[in-house]
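What follows is a short report on a single structure.
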Amino acid sequence: MRYHVIHIKTSFKEEWQKDVFDQTLCNYGVDTIDGENYYIPSEVWAINSQRIMYFCVMHEDDGSVHWEGVEECPDENWNAVWESEHPVQELPLGIRIIPHCAFGAGYHETTSMMIDYLQQSAVSRQHSVFRKVLDHGTGTGVLAIFAKRLGAEHVVAVDIDEKSVANAKENAALNGEEIEVLHASAFSRQPSAFSLILANIHRNILLEYMPSYAASLTTGGELWMSGFYEEDCPVLIEAAAANGLRHLATHAKNEWRMLMFGKTINN
Ligand code: SAH
């Protein structure tokens, strides 16, 4: 496949603004981002070039984006070259992740906190919450893959973004882990279906899905969420309590927070 590479310099104040910018370019067909280089299949570029340029020009006004040009990649076998120059991410337990455009290379605080506690729980609790696991907003599939590697009997991973679904399937296969990966905005409510729900998503999405999370947990099941800051914790804890979920613990890594809840009664 032939590729074009777009060169864009960005200087956003917040990390999440760059994430949103990158995600929009992915929605326009960019399939790999490497620093200031945005790679897009040439046939997609031919269709979407106007939209992409317009989107970037909108940001140029506030100085956060600078368009540096676009060119056709000389190498037809570009994907293989890229992958040889950017080896897969090597994570604990021998887990390997190719991130492409999906979020979840494993190093971001919001992801690595979840990984740390998955590893600790697998040791200390003898897999009591590892029976049926749901990873809501799976991205690269990283958390789902860890849960499976750590002994979960069955893991369901869902994502709203089709590229993430494809990437999670690819990474599950790369790691030889069998995971049910679904393209869905949410899991359909399955009462008492999951012993552990993992959700590393934006605060507002977590709030929106709190009733579904609570209904879908088994009694004794746990909900672990991350992807937010200290100031978001009270409202999340309150929403969880309103849905019968007891606050078990708060963890921190830099400015990021992770919350753990337990379901003690059936609701
Ligand atoms: N679980 C990974 C990725 C987290 S990024 C990790 O921990 O690193 C959050 C992911 O949630 C993105 O891939 C995004 O596409 C997905 N997402 C956002 N809203 C969603 C929704 N309503 N339902 C399912 N997935 C959603």
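Each of Asp232, Asp61 has some number of other Cβ atoms within 10 Å of its Cβ, and from fewest to most they run Asp61, Asp232.
The Stokes-Einstein estimate for segment 172-221, based on a Kirkwood radius over Cα pairs and taken at 20 °C with 1.002 mPa s viscosity, is a diffusion coefficient of 174 µm²/s.
Applying both filters, DSSP loop and at most 13 other Cβ atoms within 10 Å, to the trypsin sites (Lys or Arg not before Pro) of segment 2-57 gives Arg2, Lys13.
For segment 3-85, the relative contact order comes to 44 percent (Cα pairs under 8 Å, sequence separation of at least 6).
Please list, by residue number, every one of the GluC sites (Glu not before Pro) in segment 3-52 that is coil in DSSP and has at most 14 other beta-carbon atoms within 10 Å. Hits after loop and neighbour filter: Glu14, Glu36.
Here is the list for segment 227-259: GluC sites (Glu not before Pro) lying in DSSP coil, each with at most 16 other C-beta atoms within 10 angstrom of its C-beta, are Glu255. Treating each Cα of the chain as an identical point scatterer and summing with the Debye formula, the log10 of I(q)/I(0) at q = 0.08, 0.09, 0.12, 0.15 Å⁻¹ comes to -0.35, -0.44, -0.76, -1.09. Shown for Tyr107, Tyr117: other C-beta atoms within 10 Å of each C-beta, ranked fewest to most, produce the order Tyr107, Tyr117.
For segment 3-85, the fraction of C-alpha pairs farther apart than 15 angstrom is 56 percent.
Each value in this text was obtained by applying a stated rule to the coordinates, not by laboratory testing. This structure is a prediction, so every number in the text was calculated from the model and none was measured. Every residue, glycine as well, gets a Cβ built from its backbone with ideal geometry; the counts of neighbours run over all protein chains shown.
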